[in-house]
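This report concerns only the one structure given below.
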Amino acid sequence: MPRPVAAMAAGLAVAAGVAMADDLAEGRRLFVEGTEPACAICHSLADAGAEGEIGPSLDELRPDAARVARAVRGGVGVMPAFQETLSEDQIAAIAAYVARAAGGG
Amino acid sequence: MMEPRFSRRGFLVGAGGATALGAGGVAFDGAHAPAAAQEGGLPDYAAWKDADALIIHSRNTMETKRGAVGSGGLTASDRLFIRNNLPSPDASITADPDAWEIAIEGVARPGTMTLGQLKRLGVTSEASVLQCSGNGRGFFTHGASGSQWLTGAAGCVIWTGVPVAAIVEAMGGPAEGATLMTSTGGETLPDGVDPASIMVERSVPIAAHAHAMIAFEMNGAPLPLTHGGPARVVIPGYYGVNNVKYVKRLAFGTQESGAKIQTSGYRVRPVGEGGAASQPSMWDMTVKSWVTHPLTDPGSGRVQIHGVAFAGPERASGVAVSLDGGQSWEQARFYGPDLGRFAWRSFVMEADLAPGVYAVASRATAEGGSVQPEDFPPNERGYGHNGWRAHAVELTVA
């Protein structure tokens with residue numbers, strides 16, 4: 001079962017402080033609706049309730065944060081680059097969230 | 001998939017039992033190893049493929065193991081790599097190939113034709129290398145995103161199809177001043193997405209249309225959905241991405257496609273830079289070769305060292321092989337049928353190997369004189385690697 005981000009964030013808040021939990025929540029929000037096109041339209045990620053089938057399933061790929069950040073920043077194949085439409089902080093938030101939610105780090 | 005590891009000599013042991021010489025560094029790290037690669041096996045749309053011959057990077061990306069491309073000049077269909085930028089359309093589109101419709105635009109008399117109608121206009125057949133732009137990405141050391149292809153995102157197959165030139169001629173010729181040919185794929189895009197952001201649409205210089213075809217057969221069988229059936233564009237000498245699958249539109253004009261895959265994707269630029277239309281596009285391929293056998297200890301004595309060589313739009317004219325990491329070279333010879341300038345050639349060099357460690361490299365030359373380089377500069381997306389040093393194999397003979 002996917003861990004709901006709220007519970008995950010709560011757990012992390014204890015471990016690493018509230019700021020990080022907020023970042024994860026923001027990462028999830030960006031993943032679901034904060035980019036154009038939204039990550040969730042193309043990718044599957046159970047934690048985010050995303051069932052996109054255009055790009056790889058992140059639950060299967062289990063990327064770490066650095067890998068996600070590189071892909072979001074520069075694009076992969078047909079995946080567009082987001083470095084001009086997202087800030088580095090936003091990319092970092094998405095990367096941290098996806099890595100955590102997909103189990104990649 | 002074998003875990004990457006290093007010998008004391010600093011050589012990298014890569015996938016499929018082959019030993020590859022890194023360019024003095026780390027070709028893989030944990031972040032780039034194809035995670036959970038083979039756990040799922042073959043997806044339904046590719047269930048007929050030979051899983052034992054493939055490294056399955058993901059559902060839409062599989063490469064041929066280095067030793068599995070065959071030694072006879074052609075790659076078996078069930079071993080050919082797969083790189084789908086988008087999921088395949090429903091298999092029903094190949095139920096009646098002749099009913100598939102393709103819009104022809106930017107010609108004197110534009111219109112939509114079925115594949116059945118197009119087949120009346122002409123037929124051609126060509127052996128050519130199909131190679132992903134990122135083939136060899138796994139040999140770069142800068143951590144480029146994307147599948148960490150080694151040698152296997154390439155194969156040589158025979159395509160049969162309708163010559164694009166015949167189609168254009170039948171429709172009155174290209175629009176005046178047209179400089180580009182643009183192909184649009186028939187993938188289904190999800191709702192809520194600007195099509196330009198993810199659609200597969202590629203523009204190439206119009207000169208490429210002289211050899212291009214709308215292919216409907218591969219290796220003598222109807223083109224399977226897995227490889228773009230019922231009909232795909234094939235542009236011999238050009239990287240795979242330009243050979244648009246399930247093609248539904250072919251247009252001639254002066255404007256490059258506005259799809260991201262054209263404007264910023266598949267552009268070669270320095271590491272760290274974003275993609276832009278001002279940068280070189282992944283169009284024609286470059287001179288390249290690699291050894292395919294032996295990849296593991298063959299035992300001492302007489303050995304046949306073979307591999308494949310090609311030069312994109314040119315004919316490969318020769319290959320030299322080194323057993324000592326490039327300190328000395330000996331000319332290999334081509335064998336088997338010459339399938340034309342767009343095909344790869346099989347090469348062989350006979351060697352008497354005493355026990356020891358060999359760094360086996362191959363270096364191809366193109367008819368026009370260009371030579372496969374020793375190294376290829378890192379670039380942001382990890383495209384176009386044809387450096388012979390990184391493609392060399394370490395061979396330990398007991």
Next item on the list: Scan the stretch B:361-398 residue by residue and report those that are more than 29 Å from B:GLY340 (Cβ to Cβ), open to solvent by less than 50 Å² (accessible area, probe 1.4 Å) and among the aliphatic types (A, V, I, L, M).
Entry: B:LEU395, B:VAL397
Margin query: Looking at the stretch B:178-194 only, could you name the residues that are more than 21 Å from A:SER44 (Cβ to Cβ) and open to solvent by 30 Å² or more (accessible area, probe 1.4 Å)?
Written below: B:THR179
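For B:GLY116, state whether it is assigned to a helix (DSSP H, G or I), in contact with a helix residue (DSSP H, G or I) (Cβ under 8 Å, 6 or more places away or on another chain) and in the same structural domain as B:GLY220 (by TED's automatic domain parsing). Write out each step before concluding.
Numbers: assigned to a helix (DSSP H, G or I): yes; in contact with a helix residue (DSSP H, G or I) (Cβ under 8 Å, 6 or more places away or on another chain): yes; in the same structural domain as B:GLY220 (by TED's automatic domain parsing): yes.
Yes, satisfied.
Conditions tested, residue by residue: (1) surrounded by fewer than 18 Cβ atoms within 10 Å (Cβ to Cβ); (2) charged (D, E, K, R); (3) farther than 30 Å from B:GLY111 by Cα.
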| position | (1), (2), (3) |
| --- | --- |
| B:GLY265 | no, no, no |
| B:ALA277 | yes, no, no |
| B:TRP283 | no, no, no |
| B:THR292 | no, no, yes |
| B:ASP297 | yes, yes, yes |
| B:VAL308 | no, no, yes |
| B:PRO313 | no, no, yes |
| B:VAL319 | no, no, yes |
Notebook entry, point to check: Which of the residues belonging to the stretch B:357-398 are touching a helix residue (DSSP H, G or I) at 6+ places or on another chain (Cβ under 7 Å) and in a strand (DSSP E or B)?
Noted result: none
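Could you grab me the full set of residues in the stretch B:213-242 that are more than 14 Å from chain A (Cβ to nearest Cβ) and aliphatic (A, V, I, L, M)? Show your work before the answer.
Taking the stretch B:213-242 first, the residues more than 14 Å from chain A (Cβ to nearest Cβ) are B:213-238.
Once the filter is applied, which keeps residues that are more than 14 Å from chain A (Cβ to nearest Cβ) and aliphatic (A, V, I, L, M), the stretch B:213-242 yields B:MET213, B:ILE214, B:ALA215, B:MET218, B:ALA221, B:LEU223, B:LEU225, B:ALA231, B:VAL233, B:VAL234, B:ILE235.
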Checklist line | Residues satisfying the stated conditions in the stretch B:243-260, i.e. in contact with a helix residue (DSSP H, G or I) (Cβ under 9 Å, 6 or more places away or on another chain), farther than 13 Å from B:ILE206 by Cβ and not charged (D, E, K, R) | finding: B:TYR246, B:SER257, B:GLY258, B:ALA259
Check: Has the stretch B:141-157 got any residue that is under 18 Å from A:PRO80 (Cα atoms), within 14 Å of chain A (Cβ to nearest Cβ) and at pLDDT 95 or above?
Finding: no
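Any chance the stretch B:83-100 includes a residue that's more than 26 Å from the chain's Cα centre (by Cα), away from every other protein chain (no Cβ under 14 Å) and not in a helix (DSSP H, G or I)?
Within the stretch B:83-100, the first condition is being more than 26 Å from the chain's Cα centre (by Cα), and the residues that meet it are B:92, B:95-96, B:98-99.
Add one more test, that the residue is away from every other protein chain (no Cβ under 14 Å), and what stays is B:92, B:95-96, B:98-99.
Going one step further and asking which of them are not in a helix (DSSP H, G or I), we end up with B:95-96.
Within the stretch B:83-100 (the criterion being more than 26 Å from the chain's Cα centre (by Cα), away from every other protein chain (no Cβ under 14 Å) and not in a helix (DSSP H, G or I)), the answer is yes, since at least one residue qualifies.
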Next item on the list: Scan A:SER57, A:SER87 and give me the residue that is within 11 Å of chain B (Cβ to nearest Cβ) and among the hydroxyl-bearing types (Ser, Thr, Tyr).
Entry: A:SER57
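Any residue that is open to solvent by 40 Å² or more (accessible area, probe 1.4 Å) and assigned to a loop (DSSP other than H, G, I, E, B) - is there at least one of those in the stretch A:24-39?
Yes: one or more hits.
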Next item on the list: Kindly check whether there is at least one residue in the stretch B:79-92 that is open to solvent by less than 40 Å² (accessible area, probe 1.4 Å), in the same structural domain as B:VAL168 (by TED's automatic domain parsing) and farther than 18 Å from B:GLY240 by Cα.
Entry: yes
Margin query: Quick test for you: out of B:ALA166, B:ALA210, pick the one residue that is of a type outside the set (Val, Ile, Thr), away from every other protein chain (no Cβ under 14 Å), touching a Gly at 6+ places or on another chain (Cβ under 9 Å) and surrounded by fewer than 18 Cβ atoms within 10 Å (Cβ to Cβ).
Written below: B:ALA166
Checklist line | Single condition A:ARG28 does not satisfy, out of (1) more than 7 Å from chain B (Cβ to nearest Cβ); (2) under 30 Å from B:ASP90 (Cβ atoms); (3) among the basic types (Lys, Arg) | finding: (2)
Next item on the list: Output the number of the condition that B:ALA215 fails; it satisfies all remaining conditions of (1) open to solvent by less than 40 Å² (accessible area, probe 1.4 Å); (2) touching a residue at least 60 places away in the same chain (Cβ under 8 Å).
Entry: (2)
Next item on the list: Working carefully through the options B:GLU201, B:GLU187, B:GLU176, B:GLU169, find the one that is acidic (Asp, Glu) and in contact with a strand residue (DSSP E or B) (Cβ under 6 Å, 6 or more places away or on another chain).
Entry: B:GLU201
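Tally the residues that are in contact (Cβ under 8 Å) with a residue 40 or more places away in the chain, assigned to a strand (DSSP E or B) and either out of contact with any Lys or Arg (no Cβ under 6 Å at 6 or more places or on another chain) or farther than 30 Å from A:ASP59 by Cα (or both), restricting the search to the stretch B:59-82.
The total comes to 2.
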Item checked: Failed item in (1) open to solvent by 10 Å² or more (accessible area, probe 1.4 Å); (2) in contact with a Cys (Cβ under 8 Å, 6 or more places away or on another chain), with B:THR75 passing the rest -> (1)
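The values are calculated or read from the model by the stated rules, or taken from the named source; none is laboratory data. None of the values given here were measured: they were computed from a predicted structure. No Cβ is skipped: glycine too gets one built from the backbone with ideal geometry, and neighbour counts run over all protein chains shown. Ligands, DNA and RNA are excluded from the accessible area calculation, which covers all protein heavy atoms including side chains. Shrake-Rupley method; radii C 1.70, N 1.55, O 1.52, S 1.80 Å.
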